[in-house]
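Structure first, commentary second.
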Amino acid sequence: MAERKVGDKIIKVIRGDITDLPVEAFVYDITADCKLSSGYGGAIASRGGKAIQDELATFGTLATGEATVTSGGNLKAKLIIHVNGPKFHEPDTKVKLARTVQSALRQADENGITVVAFPPIGAGLYQVPLDLSAKVIVDTVSEHLKNSTTIKEVLLVAFDAREYKPFEVAINGGN
Amino acid sequence: MSARENKDTTYKIQVMRDILAKKLTRSVVGSLVACVHCGMCNEACHYVLTHPDEPKMTPSFKADQLRKLFKYNYDWTGRVIPWWVGAKEPLSDADLEALKDIAFGTCTNCRRCTLNCPMGVDTATLNRIMRGLLSAVGVMPEGVRVVSKDQWEVGNQMGVLKEDYLETLDWMSEELVNEVGDESARIPIDKPGTEVMYTINPREAKYDPRTIAAAAKIFWAAGESWTMPSEGWDQTNFGLFSGDDQLGGASARRVYEKMKELGAKRLVISECGHGYRSTRCEGPNWVGIDQDWEMESSVFTMLRYLQEGRIRVDRNKLDRRTTYHDSCNLARSCGITEEPRELLRMVSNDFVEMVPNRAENFCCTGGGGAMSMSEYTPRRLKSAKVKADQIAATGAKIVVTSCHNCVDGLSDLIKHYKLGCEVKQLVELVADALVIEDCAVMRKSKAVVEMPKPALPLHGRRILVVDDEPDVRVFLRTVLEDAGAEIYEAPDGDHALAMARKHKPDLITLDLSMEGKDGVSTFAELRSDAEIAGIPVCIVTGHPEFRELIYQRAVPVPDGYMDKPVKDAELVDNLHRILGLAEHHKAPD
Ligand code: SF4
Ligand code: SF4
């Protein structure tokens with residue numbers, strides 16, 4: 001398992017289904033309309049129950065780069081940090097992605113989270129290059145962990161081997 | 001930004017231009033420039049036949065949408081005389097939406113029009129590229145977005161969660177164990193080192209698990225060593241429909257990685273047209289891997305079990321008339337037409353052909369992901385009249401097909417046109433017709449009765465296919481494997497030489513015009529290396545003008561020569577003849 005220490009905090013790459021992890025919080029890349037939709041969103045709705053979408057409905061919309069929090073419903077996670085990352089090759093993807101990760105980390109701090117899990121935000125349907133996503137997440141998280149934060153552990157969660165490798169490369173300082 | 005462009009659309013057009021540039025292989029450019037708008041393909045398209053007054057339904061109109069973009073950016077005619085050649089780009093989000101409706105809503109990428117085009121224009125490929133460009137900027141039907149996201153993030157097109165999938169397998173196992181009274185009939189999950197790993201279409205796990213139980217019954221009856229994977233079990237691939245090659249590669253890779261992890265010898269793909277095409281034919285190219293295991297449709301597996309006497313069936317168990325619907329992906333794109341019929345005749349006494357059939361068959365109208373795009377349902381069902389008439393004319397009560405997509409498309413049109421028949425797959429018919437007491441599982445020794453297999457013309461021959469066009473390699477591989485050959489592939493001269501030295505194939509088919517080391521130099525090097533000089537070479541080229549160059553070299557001439565496009569039967573005959581001659585020359589007097 002690939003990992004990086006930042007002071008007394010740790011970043012680890014693991015394989016798994018992020019919506020089924022026993023962590024305090026995980027990040028979900030949602031669309032601006034705050035609808036859970038399919039994929040991880042479908043898994044959240046199915047395993048977590050209706051309460052999560054109901055809670056989201058009270059927020060209205062979420063601008064690109066911003067984050068908001070709901071409960072985890074019946075999921076193993078206590079909280080879900082919903083972020084609206086850049087999508088479909090939109091301009092300034094890298095900058096927006098970094099802002100998205102910062103917003104998620106800020107939400108984690110505000111909610112006193114010690115263990116938070118990230119997927120490769122934007123990679124997949126939204127066509128953010130996997131390498132770019134992995135690198136921006138690793139760099140932004142590493143920077144954040146240097147400062148005062150409630151977070152002790154960040155899990156980078158790869159759904160498959162294809163997603164694992166870029167995280168591993170980024171965490172080992174490559175890429 | 002040019003004055004022509006709407007500000008919000010600017011970056012999207014640039015993204016589309018950039019992606020299109022990467023897609024311009026020789027065959028794609030060929031299809032882009034070759035259309036003379038003769039209209040000969042019109043009558044091949046089920047949309048044209050059912051919408052005779054709508055010129056927008058013609059294949060050339062659909063492909064012209066990509067041509068305009070190509071000509072505007074990459075073809076000199078578009079730069080010099082754009083008004084004449086119709087070179088144009090979308091200018092606004094509304095234009096992109098209009099393109100979406102054409103690319104996703106008026107074409108099922110069935111490839112029937114290609115058969116009728118004297119210029120060999122592959123409209124479906126162009127339409128798929130347009131879908132890919134639109135998907136890259138987020139312009140796609142909601143259903144395509146939902147299904148793609150499920151496949152990316154949950155690992156299957158229908159968002160079936162792992163616990164639900166495993167529970168379904170457990171449920172099917174229970175039913176089967178109860179039915180046959182044998183605990184060993186349980187579906188093995190993630191069992192390492194088996195002969196067979198069996199993958200399915202998520203539709204089976206979500207809506208119709210009876211086909212899983214039917215397959216399990218057949219594997220059990222045949223005494224097969226098999227397993228189903230807990231992950232990487234979705235053989236379908238929405239990347240084929242959305243035009244997103246990244247999704248195509250990611251999905252295929254999950255299946256291949258599970259194969260590697262479990263170490264199964266053969267990947268058996270359940271009856272699914274696009275699942276077969278994307279896992280066996282397109283997947284290795286999308287992923288960029290050489291896989292060293294066999295992949296086959298379960299149709300071939302069942303047929304083999306019957307031919308080897310591992311299972312027996314009683315065709316009298318089925319008393320209703322059947323007909324067979326050829327899936328576009330299996331028949332037109334992969335050349336699988338005879339094996340399903342052979343199998344069907346073994347389980348059905350009253351089988352009638354639908355007309356036209358095989359590669360000429362009409363689409364079920366649910367292809368290309370059409371079933372997920374509800375906004376186009378009325379148009380789809382109107383276009384389904386052609387298929388409905390075909391089915392009605394057979395008088396069949398059961399329409400058999402080897403494709404899950406077709407099951408859905410056909411069931412929908414049968415209901416809409418009140419045809420009073422049902423759709424089934426071969427796996428269900430074979431499972432129902434099993435005579436268990438005569439199957440391998442019931443024989444004490446479990447010894448397998450070997451039945452003589454019909455000899456295939458290239459059986460056991462190892463052939464190295466050298467061509468820089470992935471499509472051509474897929475075509476050659478499919479035709480030659482169907483003829484019994486084992487295939488190696490090389491995309492250029494350097495790889496070809498390395499593979500020839502490593503594998504010492506029985507024959508090499510060699511393209512002449514390739515990036516990097518071309519075929520002419522490759523051929524000369526091949527003939528000059530004593531270790532591989534004796535391997536027969538058949539040139540397969542789209543550039544007859546290079547023929548002279550080959551013959552000018554001071555090395556022995558090629559053993560065969562064919563101009564593209566090559567026909568399946570001619571190719572097999574030619575290679576068979578070359579191999580026969582080579583053996584004759586080698587044989588001692
Ligand atoms: S695609 Fe072929 S058959 Fe159709 S209009 Fe063009 S040239 Fe004619
Ligand atoms: S690929 Fe099929 S649906 Fe598309 S234009 Fe050609 S015939 Fe019509």
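Here are the numbers:
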{"item": "Output for region B:157-186, where each listed residue is open to solvent by 10 Å² or more (accessible area, probe 1.4 Å), in contact (Cβ under 8 Å) with a residue 24 or more places away in the chain and away from every other protein chain (no Cβ under 14 Å)", "result": "B:Thr168, B:Trp171, B:Glu175, B:Glu179, B:Val180, B:Asp182, B:Ser184"}
{"item": "Test for B:Cys38: is it within 15 Å of ligand 2 (Cβ to nearest atom), away from every other protein chain (no Cβ under 14 Å) and more than 23 Å from B:Gly367 (Cα to Cα)", "result": "yes"}
{"item": "Unmet criterion (only one of (1) in a helix (DSSP H, G or I); (2) away from chain B (no Cβ under 14 Å); (3) surrounded by fewer than 17 Cβ atoms within 10 Å (Cβ to Cβ)) for A:Ala108", "result": "(3)"}
{"item": "Subset of region B:133-156 (residues that are out of contact with any Gly (no Cβ under 8 Å at 6 or more places or on another chain) and more than 9 Å from chain A (Cβ to nearest Cβ))", "result": "B:Met140, B:Glu142, B:Asn156"}
{"item": "Criterion: within 16 Å of ligand 2 (Cβ to nearest atom) and either in contact (Cβ under 8 Å) with a residue 12 or more places away in the chain or within 14 Å of another protein chain (Cβ to nearest Cβ) (or both) - qualifying residue of B:Ala44, B:Ala21", "result": "B:Ala44"}
{"item": "Close pairs (6 angstrom Cβ cut-off, 6 or more residues apart or separate chains): within 17 Å of B:Thr365 (Cα to Cα) and basic (Lys, Arg) in region B:102-118, within 10 Å of ligand 1 (Cβ to nearest atom) and not in a helix (DSSP H, G or I) anywhere", "result": "none"}
{"item": "Flag for B:Glu89 being more than 16 Å from ligand 1 (Cβ to nearest atom), more than 14 Å from every other protein chain (Cβ to nearest Cβ) and in contact (Cβ under 8 Å) with a residue 40 or more places away in the chain", "result": "yes"}
{"item": "Count - residues of region A:133-154 that are open to solvent by 20 Å² or more (accessible area, probe 1.4 Å) and either farther than 14 Å from A:Arg99 by Cα or within 13 Å of chain B (Cβ to nearest Cβ) (or both)", "result": "7"}
{"item": "Test: residue in region B:2-18 that is more than 14 Å from chain A (Cβ to nearest Cβ), farther than 26 Å from B:Asp471 by Cα and open to solvent by less than 20 Å² (accessible area, probe 1.4 Å)", "result": "no"}
{"item": "Any helices (runs of 4 or more DSSP H) falling wholly within region B:106-164 and containing at least 3 residues that are touching a Cys at 6+ places or on another chain (Cβ under 9 Å)", "result": "B:112-115, B:123-136"}
{"item": "Flag if B:Thr106 is open to solvent by less than 30 Å² (accessible area, probe 1.4 Å), within 27 Å of B:Ala44 (Cα to Cα), more than 14 Å from ligand 1 (Cβ to nearest atom) and more than 14 Å from chain A (Cβ to nearest Cβ)", "result": "yes"}
{"item": "Qualifying positions in region B:247-256 - touching a residue at least 40 places away in the same chain (Cβ under 8 Å) and at the interface with another protein chain (Cβ under 10 Å from one of its Cβ atoms)", "result": "B:Leu247, B:Ala250, B:Ser251, B:Arg254"}
{"item": "Restricting region B:57-99 to residues that are under 24 Å from the mean Cα position of the chain (by Cα) and either modelled with pLDDT under 80 or of a type outside the set (Ser, Thr, Tyr) (or both), the residue that is nearest to ligand 2 (Cβ to nearest atom)", "result": "B:Pro59"}
{"item": "Test: A:Pro120 is open to solvent by 40 Å² or more (accessible area, probe 1.4 Å), within 14 Å of another protein chain (Cβ to nearest Cβ) and in contact with a Ser or Thr (Cβ under 9 Å, 6 or more places away or on another chain)", "result": "no"}
{"item": "Residue that is open to solvent by 50 Å² or more (accessible area, probe 1.4 Å) and either at pLDDT below 90 or closer than 23 Å to B:Thr199 by Cα (or both), where the choices are B:Gly283, B:Gly288", "result": "B:Gly288"}
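The values are calculated or read from the model by the stated rules, or taken from the named source; none is laboratory data. What you see is a predicted model; the values in this text were computed from it and never measured. Methodologically, a virtual Cβ is constructed for each residue, glycine included, from the backbone with ideal geometry; neighbour enumeration extends over all protein chains shown. To get the accessible areas, we keep the full protein, side chains included, count just its heavy atoms, and leave off ligands, DNA and RNA. Shrake-Rupley method; radii C 1.70, N 1.55, O 1.52, S 1.80 Å.
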